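Reading through the structure tokens given below for one structure.
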Amino acid sequence: MAATTTVDETKLEAFMGQFVLDMGAAATAPLVLIGDKLGLYKAMADGEPVTPADLAQRTGCRERYLREWLCQQAASGYVEYEPAGGTFRLPPEQALALADEDSPFFVPGAFQLLAAMVKDEPHITERFRTGEGFGWHEHDHDLFEGTERFFRPGYLGHLVAEWLPSLEGVVPRLQAGAHVADIGCGHGASTILMAQAFPASTFVGSDYHEGSVESARRAAERAGVADRVQFEVASAQTFGGGPYDLVCVFDALHDMGDPVSASRHVHEQLRPDGTWMVVEPYAEDSVEENLNPVGRIFYAGSTMLCTPASLSQEVGLALGAQAGQKRLTGVLNEGGFTRVRRAAQTPFNLVLEVRP
């Protein structure tokens, strides 16, 4: 006989309420992308109330589409609606998050990254069956740009102001003129931000994805730092140019198939008195401690992006985006580093100071 299951109606109703919220959030994602791509948020960034016709005049988009888009954005709490005048307004707080690409709170990049994850779902579904990996370079193009736009706001807010100062003696060396490596640099946002802050230092960014390296080179030219920043196509096991005073890896160590051999190579490229800054997604050491809204995001990214990327490479250690400091320290110790210290943290980042 089949077992009888008793359903708790209160729990079921609570879960269905959560589902409605989740479905609304998911359905909002393409509308945020539309607002970002068409400059709709930027057109409302002055905070003045607009009608759909006003926004159409500002953007050249069709009023009927804008009316529906604005209503959905108001239902989401992204814009405010005034019934008396039939107007919509982008408050300054939302403008900071939706319209200002140089804001540390800018969020559309996250939605672009999510869109890439959805596009590549069929590939990852198949990997669940076969156990094979799916390389970073195999993903939809939106992933590369979306990742840079997702992480850059956090780097803008914390890298120069907090993370580098949290490392013992590093800022004075950068001010005097240090040689710095940035492994897994992607489109080069972290490398360029450091170069802008420390004009006496030189920087070498490396990434195995050629398309990202080309984008990073163009970004360095636009930022006016190409004379002090070099980008090369290389893996974490093959990058050169040392010895370095500072080596950085931002949100990439857990993506590597063999982070232990990468650590050994960093050890070889680092000066004896140098520092390795490892920035990883924030995580505690146990699963139960990571079952929270931030962990929910990172476990999703780890399932769709990080774990498949690692499994596509040699060794395929697959640390995952929620490895935690204890597991990361074990990898770093195995790579030859004896001192690992938590130097800083945010709700989204774990910053480790690593020394030989």
>> Name the single residue that is farthest from T147 (Cα to Cα) among those in segment 298-351 being touching a residue at least 24 places away in the same chain (Cβ under 8 Å) and of a type in the set (D, E, K, R).
In response: E334
> In segment 214-236, which residue that is free of Cβ contacts under 8 Å to residues at least 24 places away in the same chain and assigned to a helix (DSSP H, G or I) is most open to solvent (accessible area, probe 1.4 Å)?
Replying inline: R222
> In segment 56-75, what count of residues is obtained for those that are among the hydrophobic types (A, V, I, L, M, F, W, C) and surrounded by fewer than 19 Cβ atoms within 10 Å (Cβ to Cβ)?
Replying inline: 5
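Please tell me if L317 is open to solvent by 40 Å² or more (accessible area, probe 1.4 Å) and not in a helix (DSSP H, G or I). Before the answer, list the steps.
Values: open to solvent by 40 Å² or more (accessible area, probe 1.4 Å): yes; not in a helix (DSSP H, G or I): yes.
Spelling it out, L317 is indeed open to solvent by 40 Å² or more (accessible area, probe 1.4 Å) and not in a helix (DSSP H, G or I).
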>> Being surrounded by fewer than 18 Cβ atoms within 10 Å (Cβ to Cβ) and either in contact with a strand residue (DSSP E or B) (Cβ under 8 Å, 6 or more places away or on another chain) or assigned to a helix (DSSP H, G or I) (or both) is the filter here; which residues of segment 36-55 pass it?
In response: K37, G47, E48, P49, T51, A53, D54
>> Being assigned to a loop (DSSP other than H, G, I, E, B) and surrounded by 13 or more Cβ atoms within 10 Å (Cβ to Cβ) is the requirement here; does Y78 meet it?
In response: yes
> In segment 150-185, which residue that is open to solvent by 20 Å² or more (accessible area, probe 1.4 Å) and not in a helix (DSSP H, G or I) is nearest to L253 (Cα to Cα)?
Replying inline: G184
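Yes/no per residue for (1) under 22 Å from A110 (Cβ atoms); (2) at pLDDT 95 or above; (3) surrounded by 20 or more Cβ atoms within 10 Å (Cβ to Cβ):
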residue	(1), (2), (3)
P259	no, yes, yes
S286	no, yes, no
L305	yes, yes, yes
L311	no, yes, no
G330	no, yes, no
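The values are calculated or read from the model by the stated rules, or taken from the named source; none is laboratory data. On a predicted model such as this, the values are computed, not experimentally measured, just so you know. A quick note on method: Cβ atoms are made from the backbone with ideal geometry, for glycine too, and the neighbour counts reach across all protein chains shown. Remember, those area values only see protein heavy atoms, side chains included, never the ligands or the DNA or RNA. Shrake-Rupley method; radii C 1.70, N 1.55, O 1.52, S 1.80 Å.
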